[in-house]
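Just below is one structure, and these are the notes that go with it.
The values are calculated or read from the model by the stated rules, or taken from the named source; none is laboratory data. Please read these numbers as outputs of a predicted model, since none were measured by experiment. Here the Cβ positions follow ideal geometry from the backbone for every residue, glycine too, while neighbour counts run over all protein chains shown.
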There are 2 protein chains.
Amino acid sequence: MQEKNGFVLRGNICYSDGSKKLVICPKSYVVCQEGICRGVYQELPKEYESYIVKDMGDALIIPGLVDLHTHAPQYAFRGLGMDLELLDWLNTHTFPEEMKYADADYAKKAYTMFVEDLKKSAVTRAVIFATLHIEGTKILMDLLEASGLDTYVGKVSMDRNALEGLQEENAEAAAKAVRQWLLETEGRYEHTKPILTPRFIPSCSDALMAELKSIQEKTGLPLQSHLSENPGEIQWVQELCPNSSSYSDAYYQAGLFGGDCPTIMAHCVWLKEEEISLIKKQGVFIAHCPQSNTNLSSGIAPVRRFLDEGLSVGLGSDVAGGYSTSVLRAMADTIQCSKLRWRLVDAKQKPVTLEEAFYMGTAGGGAFFGKVGSFLEGYEFDAVVFDDSELLHPQELSVRERLERLIYLADDRQIKSKFVKGNLIYEKNEKNS
Amino acid sequence: MQEKNGFVLRGNICYSDGSKKLVICPKSYVVCQEGICRGVYQELPKEYESYIVKDMGDALIIPGLVDLHTHAPQYAFRGLGMDLELLDWLNTHTFPEEMKYADADYAKKAYTMFVEDLKKSAVTRAVIFATLHIEGTKILMDLLEASGLDTYVGKVSMDRNALEGLQEENAEAAAKAVRQWLLETEGRYEHTKPILTPRFIPSCSDALMAELKSIQEKTGLPLQSHLSENPGEIQWVQELCPNSSSYSDAYYQAGLFGGDCPTIMAHCVWLKEEEISLIKKQGVFIAHCPQSNTNLSSGIAPVRRFLDEGLSVGLGSDVAGGYSTSVLRAMADTIQCSKLRWRLVDAKQKPVTLEEAFYMGTAGGGAFFGKVGSFLEGYEFDAVVFDDSELLHPQELSVRERLERLIYLADDRQIKSKFVKGNLIYEKNEKNS
C-alpha cells in the first residue's frame, strides 16, 4: 500500500548522517513523497499539510536495515553444527544442505520460512546467496518479490572442489546456467534483482571466472563473493592461484573486483595492506559478518581500519555462519568484536562506536542499493517502526538511550511496521505477534 | 504446586553427566519424588506407576539454568552505556543507578521488573548482588521468595572509592549494616538465602574485609565477589594491597577466599598461574561472564584452562555488564568467546564444546547450590520445558540438534513451564506469552 502522493510518519526518529553522526529527532515528522524521503521536521512544513500523518505515538522510527550478506538455503540449519572451521563446515554441513535445493518442493518449503522471517525482521534490503539451482533460485526470487522486500539474489556459480551433485560440470555449463537463469527471470520482478555469485575462489575455476567476466561485461550486473575469511582458505587460494599476489588480487586478475560493477566481498578478516588499498581503489563493498567470523573461529575483521580508510562497509548476518538473522544483533556483535580486537589484538584500533555500527547496518550497507538507509532528503523511504514499551525500565530514558537498548535487546516482537520505498510491507497484528 | 508424593514429566530429556557428556533421552520419563529427581527412564518403572505423568508432547526438558553472577539493580540499564571500561563504567553508569535504591519505592519498581524477567526465563537458581541498602535488599528478597526461584542474595558491602552516598561510612558501619540485614531477614525465607558480598577489593578497606571475615566465622555464610576482570582494576588492587602477591592473594590474606565457606569469584579473566592453583586449592567457584567481559572490553577468560584443571566453573549473565539475562545466551557466548581466544590468543586452548557450555550453565554452576543442575538420580528437581515448534526448520532434526538450536536461538517465548525443587513456578499462558 502506498499513498498516492505521499504520507508522513510521526514518532521518535533516528538516522545516520555519515558514519560519525546519529541524528535524533524526538516527536518529529518524516515525510515520504512517492517513495522518496523528503526530510525530517519538528513541525510539519505547509507543503505537506495535505499528506496523511500516521502518528506512531512514542514509537521509534529508524531507516530499514540492510543485510549485505546472507545465504537463504542455510537458514534451515542456523544454530547447528558450529563446531567446525570454514572449509570443514562447508563440506560437513553446508554443501549437503544446499544439495537438497535441487528439489523444488524442499526449496519452496525452506525458502518460505526464510522469507517469512526476513519479512518480520527489521531488514528492508538484503543481498542473498541462493544455491546453484536455477529452479530453486527462481522460487526464492518469487517469494522475495511477493514479500515486498528489496533484494539482490544470486544463483551460485561453482565448478570445482565441492561435492558430487553440488557443482556444475565445467565452466561452460556453469556459464550457460547463469545465462539461462538471467533469461528466465528477466523482466519478471520489480524489487528482486540478479547478482553474479561466484561462491569463492576455491569453488570457481579460472575458466568459470572468465565466463562470469564475459557475462558481466554484457550485462553490467553487480557481483558478490567471499574474501579472506579463514587462514586455511587463504592459503588454499594462494595454492590455487599461484600467480596472484593476494586473495583480492585473484579476483582482480579475473576482472571481477569492483571498478565499474558494484561488488560485495564478505568477511575480509585477514587482508594484507595491499588488499585494503585495492578494495579502496576499486570501490568494493565489504560485508562485515562478525557473528559468523566468531562462530567459524575465523577471527575479527579490522573494521576500525576500514572505517578510517573510508571504505564502503555494511553488515551481514551471514546466515548460517551466523545463527541470527538480525542486523540489530549484527550491530551489537560489531561493537563487541571490535572491543575484543582492541583488547586482544591491536590497542591502536579503537572499538567501533554505536554511531558507526548503526551507520554500517543502515546507510553503510544501503549505499550498495543507491540512496538507501537514511532519512536524509532524497533517500528512498525505507523505515521500521519499533514499539519498545515491553522492554521494561524503571527510569526515564532519552530517545538515544532507547535506540541503544533496541540494538542490544530488541527482537521481532518490538517491530510494529515496516516500509520499503514508501510501501507498507509488514504490520504487526495479534496473529503474527 | 507440588504433587504430594511425586510426579513424572514425559518429553525429550537432556542433561549433563559431567562436563564432557550430554545425555539425550528422546520420549522419556523423568521422575520427581518430594522435590528430588529419581532418574530418567525410557519406560516408567512400576514403583512410579501411581505418579501423575505430565506429558509434554514433543517438548524438550532440561535442568533449570543457573546464573552464578548477576546484579539486580543493574537490570534497569541493561543495554545502555557500553562505551566504557570497568572502572569508568562503574563511576559513570553503575554507581549513580545503584544510589537510587536508597528509595524503597524505586527499588520495588525496578526489582519487580528484574524478578518478573527472571521468572519467565530458563533460570531456576541465581546468585545475585543487590546494593548496599538494607531495605532495598529486603524488597528484592521478598520478591524473589514470592517468585519461587531459589537464590542467594547479597547486600553489598563497600566503604571506599565509590561515590558520596553510595558507600558505607567505615568498616564498623558496614559490618553493622550486614549484621542488621542478617538479623532482619533471619528465618524469613525458604528459598532466598543471604550471601556475604564485598563488592570488590577496591571498594572494601582491609578493616571491612576483617569485619566480614569475623561475620563469616560466626555465620558460616558463603561469599561472592569480583576477581581479575580488567587490567586497570588489577593494577589498582596491587596498589591498594602492596603486600599481596596477586588479586586472589588479597582475598586469601583476608581469609575470604574459599576453603570452608563456599565462595564465588566472578570473571577471572587475567589470572596468574599461582592464582589458578590457589582457586583450585580453596575450591573457589568461578562465575564465567563472557558477555560482560566483552562489553566492558575486559578480555576473554581462559575457560579451557579452568575446565582442564577441574575447577568449579559456572556461567553468569553479569547484568548489566552483560545486557542479556539469558543463560542460554551465556552458553553461546562462552563457546563463541572461546573460539576467538583460540584463534587470537592461544591456539593450544581448544574452544569450549556445546557439552561443556551446557554443563557450566546447569550442573557446573548448580554445584554451588548442592546437587543441582542435572537429572541424575538424587539431584534436586529443577526443570525447564521448551516448546521449540516456532523455531521453524524444513528438515528432520534430532533431539541433540534441537537442543543446540535452543542454545543459539531460543528466547523466553519458547519456555513452556519451569519447576524448582519439584514446584511448578512458571507456566506460559496466552497472557504472558
Residue selected from region B:101-112 under the condition without any contact (Cβ under 8 Å) to a residue 60 or more places away in the chain and either surrounded by fewer than 20 Cβ atoms within 10 Å (Cβ to Cβ) or acidic (D, E) (or both), by the criterion nearest to the other protein chains (Cβ to nearest Cβ): B:K109
Could you list all residues from region B:1-54 that are over 20 Å from B:S398 (Cβ atoms) and of a type in the set (K, R)? B:K4, B:R38, B:K46, B:K54
Could you list, in sequence order, the residues of region B:1-42 that are under 17 Å from B:I62 (Cβ atoms) and among the β-branched types (V, I, T)? B:V8, B:I13, B:V23, B:I24, B:V30, B:V31, B:V40
Among the residues of region B:391-433, count how many are within 14 Å of chain A (Cβ to nearest Cβ) and either of a type outside the set (G, A, S) or surrounded by fewer than 16 Cβ atoms within 10 Å (Cβ to Cβ) (or both). 27
Determine whether region B:28-41 contains at least one residue that is assigned to a helix (DSSP H, G or I) and buried (at least 19 other Cβ atoms within 10 Å of the Cβ). no
For region A:275-298, give me each residue that is of a type in the set (A, V, I, L, M, F, W, C) and within 11 Å of another protein chain (Cβ to nearest Cβ). A:L296
Whether any residue in region B:57-73 is within 14 Å of another protein chain (Cβ to nearest Cβ) and either without any contact (Cβ under 8 Å) to a residue 60 or more places away in the chain or assigned to a helix (DSSP H, G or I) (or both) is what I want to check. yes
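Matching residues to (1) modelled with pLDDT of 95 or more; (2) within 14 Å of chain A (Cβ to nearest Cβ); (3) buried (at least 18 other Cβ atoms within 10 Å of the Cβ):
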| site | (1), (2), (3) |
| --- | --- |
| B:W89 | no, yes, yes |
| B:V115 | yes, yes, yes |
| B:A126 | yes, no, yes |
| B:A130 | yes, no, yes |
| B:N161 | yes, no, yes |
| B:E172 | yes, no, no |
Go through region A:214-254 residue by residue and tally those that are under 23 Å from the mean Cα position of the chain (by Cα) and more than 23 Å from A:P302 (Cβ to Cβ). 6
Could you grab me the full set of residues in region A:335-358 that are crowded, with 19+ Cβ neighbours inside 10 Å and either among the basic types (K, R) or not assigned by TED's automatic domain parsing to the domain that holds A:W270 (or both)? A:K339, A:R341, A:R343
Taking first residues from region A:34-52 that are under 19 Å from A:L424 (Cβ atoms) and second residues anywhere that are basic (K, R), the pairs with Cβ under 8 Å that are 6 or more apart or on different chains are A:G35/A:K421; A:Y48/A:R38
The listed residue being assigned to a loop (DSSP other than H, G, I, E, B) and within 21 Å of B:A72 (Cα to Cα), out of B:E145, B:E168, B:E184: B:E168
Testing B:V153 on (1) hydrophobic (A, V, I, L, M, F, W, C); (2) under 26 Å from B:M265 (Cβ atoms); (3) out of contact with any strand residue (DSSP E or B) (no Cβ under 6 Å at 6 or more places or on another chain), one condition comes back false. Which one is that? (3)
β-branched (V, I, T), in contact (Cβ under 8 Å) with a residue 40 or more places away in the chain and part of a strand (DSSP E or B) - does that describe any residue in region B:80-94? no
Show the residue pairs that are 6+ apart or on different chains and have beta-carbon atoms under 7 Å apart, the first residue being within region A:155-181 and in contact (Cβ under 8 Å) with a residue 12 or more places away in the chain, the second being of a type in the set (S, T, Y) and in a helix (DSSP H, G or I). A:K155/A:T137; A:M158/A:S203; A:R160/A:S203; A:N161/A:S203; A:A162/A:S203; A:W181/A:T137
Which residue is farthest from B:R402 (Cα to Cα), if the candidates are limited to region B:11-27 and must be under 22 Å from the mean Cα position of the chain (by Cα) and buried (at least 18 other Cβ atoms within 10 Å of the Cβ)? B:S19
Of all the helices (runs of 4 or more DSSP H) wholly in region A:270-360, which have at least 2 residues that are touching a residue at least 40 places away in the same chain (Cβ under 8 Å)? A:290-295, A:303-308, A:327-344, A:354-359
Sole exception among (1) out of contact with any Gly (no Cβ under 9 Å at 6 or more places or on another chain); (2) of a type in the set (A, V, I, L, M, F, W, C); (3) under 15 Å from B:D308 (Cα atoms); (4) not in a helix (DSSP H, G or I) for B:F257, by number: (3)
Mind checking whether some residue in region A:61-71 is farther than 24 Å from B:E396 by Cα, out of contact with any helix residue (DSSP H, G or I) (no Cβ under 9 Å at 6 or more places or on another chain) and surrounded by 16 or more Cβ atoms within 10 Å (Cβ to Cβ)? yes
Taking the stated definitions as given, is A:W236 of a type in the set (A, V, I, L, M, F, W, C) and either under 19 Å from A:L271 (Cβ atoms) or outside the structural domain of A:L90 (by TED's automatic domain parsing) (or both)? yes
Among the residues of region A:349-390, which ones are within 14 Å of chain B (Cβ to nearest Cβ) and either among the hydrophobic types (A, V, I, L, M, F, W, C) or more than 25 Å from A:F7 (Cβ to Cβ) (or both)? A:Q349, A:K350, A:P351, A:V352, A:T353, A:L354, A:E355, A:E356, A:A357, A:F358, A:F386, A:E390
Could you grab me the full set of residues in region B:329-345 that are farther than 18 Å from B:V23 by Cβ and more than 10 Å from every other protein chain (Cβ to nearest Cβ)? B:R329, B:A330, B:T334
